[in-house]
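Take a look at the structure below.
The values are calculated or read from the model by the stated rules, or taken from the named source; none is laboratory data. Note that the structure is a prediction, hence the values are computed from the model and not measured. All Cβ positions, glycine included, derive from the backbone under ideal geometry; neighbour counts span all protein chains shown.
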Amino acid sequence: MTDKTKTLRVDYLARVEGEGALYIRYDDTAVHEVKLKIFEPPRFFEAFLQGRDYTEAPDITARICGICPVAYQMSAVHAMEQALGIAVDPAIEQLRRLLYCGEWIESHVLHMAMLHAPDFLHLDSAVEMASVHPQVVQQALALKKAGNAIVRVLGGREIHPINVRVGGFYKLPSRQELSELRASLDDALEQAVALTRWVATLTIPDFDRQQHPYLFVALHDEHEYPMNSGRLVSSEGLNIEACDFENHFIEQQVAHSNALHCLLDGKRPYFVGPMARFNLNFETLSPTAKQLAAEIQVTPPYVNPFGSILIRALEVVHAVETAMMVLDFFSKQGVSCSKQEASCSKQEASFRHNTQTGSSYQQPTVRAGSGYAITEAPRGILYHGYRIGDDGKIVTAKIIPPTSQNQKTIEDDLRLMLPALMQLSEDELRHRCEQAIRNYDPCISCATHFLKLTLEKGAEQQ
Amino acid sequence: MSKPLIIGLGNRWRGDDGIGPLVLDALQAQNPEAVDLLENPADTLNLINAWAGRKRVYLIDACCDPQREDGSLVIIANALEDTTILHTLTRPTSSHIVDIAQAIRLSQALGQAPQQLTIYAVVTSQFEPGTRPRAVVAAAVSHVVEALRPAVTANAS
């Protein structure tokens, strides 16, 4: 410790979900300590679930987050269905995929346009953003409206949807509702493409971690860009089922955070979220998203976290295009569509065949069992593991959200980024640190919640 | 699009919070043709699109004010110019939602604010899940409906 030691604190991190703080101790020679302090109180959802019926898991866990409730519902139902031995109808799978598209669109556009884009433009708020770039905010609002509409039609309402159940849905949307929903997306793809091209005009700060490469972890499905399906893979060759997750990924408690840190083998930080998904699944991005990626020169391996906003934009394009495809198949079922027929995959053809079933859910036979599932929340992989008794009551529950998994990687980014930024003023340095954290769109409400930054020179260690 | 828009905010199943929808029910019973009614747009950002291009918008909501009796009516006659009261409200706990004051500011920044926005807020205090508004609060419905009568009966302009 020297008298030149500086302490950088952010007491409340703005424009992230939840409550947390940042503490960095450094001097001219090195960064000595970086702590992403999550002080939002523990929320005890895993304990709430014990003793509750298996049917309640999707709706209870959806309450963990108002931004990604669909992700919680999806991971919960898949885990419960595995525990109960249910294989849902492919039509149900596609409706779930559609619902997830709605959530990705809602979550990504809000983060990009209102919370993260201001960082690149040195603006302080969404209101300033709306004043300077009204057309961008209007596009984002229109896209968010489109995402909201999908969640409302499939999920029953926009916030905390209530229509998802183990085995399917409580109520299937009518063909007319789906046709109207499809029509409401007519302009969305164009808006998503325009928003992506605008995001590509932002100046992305350089940040190179070649000496400390990221370990990317995401689902991978050879047929589709992952939301609800796939094996868990990494950029270093890991390839496992969800049921093996806890054999590889270990949660650890750290004194400065109420959210557990999750590490590979209990040692390695890793990276989940859009950039991991993109790098591990580029080939299954939708055609327009892939074409646009080439146009804006964002292709895998893409490793600059400040460019995550570009990948979110591409994922919005993907989600809109996927939603349109799913809705096209539903609205055209029973109608000859030779052109579509020729171009669709076997899986899509199977899906179209099975949309005739009309059943909203499959009733399980209650039995004791264990189930594990991972789905891709907007911020990255979300793990649920349950054990249920022969009465259908939940015995144990384990939930590991994406922000818990990214915490250590965020701290590492800050530690590695700072030495090159020492010439910046304290205000600029603080801003850059917050921007680096927002690269991950952290949801502290999920991880338990987040951020506070004050800068002190010559402070003693705390 | 020139019809006045009346928006009722609130959850019908969270006690007194249901006052906004209750006012809309009373207005709907009068089968008004001169106004559009919108119940609870869920995501507050939806307000921005809902009231864009409107000349007059009326927003009905519940509020908390320990200095006033439950059921009393607070009227903010021109919420677009006088957001003093709105800024005293508790801020949203999530960065991913906006409150009414933020929705107004965003609308103004986008040039999509209505020409006139009037807020009728009924003082409330009980929000028990699964319950309806208490009688003392529901009694305010007639006061709000009466206050809205000129808008409801006027020709669209």
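Figure legend. Inter-residue proximity from the stretch B:99-119: first residues more than 14 Å from chain A (Cβ to nearest Cβ), second residues part of a loop (DSSP other than H, G, I, E, B) and small (Gly, Ala, Ser), beta-carbon distance below 8 Å, spacing 6+ or different chains. Indicated pairs: B:Pro114/B:Ala52; B:Pro114/B:Gly53; B:Leu117/B:Ala79; B:Thr118/B:Ala77; B:Thr118/B:Ala79; B:Ile119/B:Ala79.
Limited to the stretch A:75-89, what total is found for residues that are touching an Asp or Glu at 6+ places or on another chain (Cβ under 9 Å) and in a helix (DSSP H, G or I)? Selection size over the stretch A:75-89: 1.
Residues that are farther than 30 Å from A:Glu81 by Cβ, under 21 Å from the mean Cα position of the chain (by Cα) and not acidic (Asp, Glu) do occur in the stretch A:260-274. Reported count of residues in the stretch B:113-157, each being of a type outside the set (Lys, Arg) and in a helix (DSSP H, G or I), is 17. Residues in the stretch A:130-153 that are touching a residue at least 12 places away in the same chain (Cβ under 8 Å), within 8 Å of chain B (Cβ to nearest Cβ) and over 18 Å from B:Asn46 (Cβ atoms): there are none.
Only one of the numbered conditions (1) more than 14 Å from chain A (Cβ to nearest Cβ); (2) surrounded by fewer than 18 Cβ atoms within 10 Å (Cβ to Cβ); (3) within 25 Å of B:Arg68 (Cα to Cα) is violated by B:Pro129, and that is (1). Could you please let me know if A:Ala294 is surrounded by fewer than 22 Cβ atoms within 10 Å (Cβ to Cβ), modelled with pLDDT of 95 or more and of a type in the set (A, V, I, L, M)? Yes. Among the residues of this structure, A:Gly51 counts as one that is at pLDDT 85 or above and either crowded, with 18+ Cβ neighbours inside 10 Å or away from chain B (no Cβ under 14 Å) (or both). Do you know which of the residues in the stretch B:76-98 that are modelled with pLDDT of 75 or more and surrounded by 14 or more Cβ atoms within 10 Å (Cβ to Cβ) is nearest to the other protein chains (Cβ to nearest Cβ)? Among those that are modelled with pLDDT of 75 or more and surrounded by 14 or more Cβ atoms within 10 Å (Cβ to Cβ), it is B:Val98.
Scanning the stretch A:154-168 for residues that are at pLDDT 95 or above and either in a helix (DSSP H, G or I) or facing another protein chain (nearest Cβ under 9 Å) (or both) yields A:Leu154, A:Gly155.
Tallying residues that are over 23 Å from B:Arg149 (Cα atoms) and in a loop (DSSP other than H, G, I, E, B) within the stretch B:13-40 yields 1. Scanning the stretch A:172-188 finds one or more residues that are without any contact (Cβ under 8 Å) to a residue 24 or more places away in the chain and assigned to a loop (DSSP other than H, G, I, E, B).
Are any residues in the stretch A:413-426 exposed (fewer than 13 other Cβ atoms within 10 Å of the Cβ) and within 23 Å of A:Ser308 (Cα to Cα), and if so, which ones? Correct list: A:Pro419, A:Ala420. Only residues that are more than 7 Å from every other protein chain (Cβ to nearest Cβ) and within 18 Å of the chain's Cα centre (by Cα) were counted in the stretch A:108-129, giving 8. Among the residues in the stretch A:296-304, are any closer than 25 Å to A:Arg96 by Cβ and of a type outside the set (Val, Ile, Thr)? No; the residues of the stretch A:296-304 include none that is closer than 25 Å to A:Arg96 by Cβ and of a type outside the set (Val, Ile, Thr). For the stretch A:113-122, does any single residue satisfy the condition of being among the aromatic types (Phe, Trp, Tyr) and within 28 Å of A:Phe330 (Cβ to Cβ)? No: zero hits. Residue under question is A:Leu232, and the condition is that it be in a strand (DSSP E or B), at pLDDT 95 or above, hydrophobic (A, V, I, L, M, F, W, C) and in contact with a Phe, Trp or Tyr (Cβ under 8 Å, 6 or more places away or on another chain); does it hold? Judged against the criteria, A:Leu232 is a match. For first residues located in the stretch B:36-50 and more than 10 Å from chain A (Cβ to nearest Cβ), partners that are among the aromatic types (Phe, Trp, Tyr) and lie 6+ apart or on another chain with Cβ distances below 6 Å do not occur. Looking across A:Ile394, A:Ile381, A:Ile374, one residue alone is surrounded by 21 or more Cβ atoms within 10 Å (Cβ to Cβ), more than 22 Å from A:Asp441 (Cβ to Cβ) and at pLDDT 95 or above. It is A:Ile394. The residues of the stretch A:169-198 that are within 14 Å of chain B (Cβ to nearest Cβ) and surrounded by fewer than 18 Cβ atoms within 10 Å (Cβ to Cβ), listed by number, are A:Ser184, A:Asp187.
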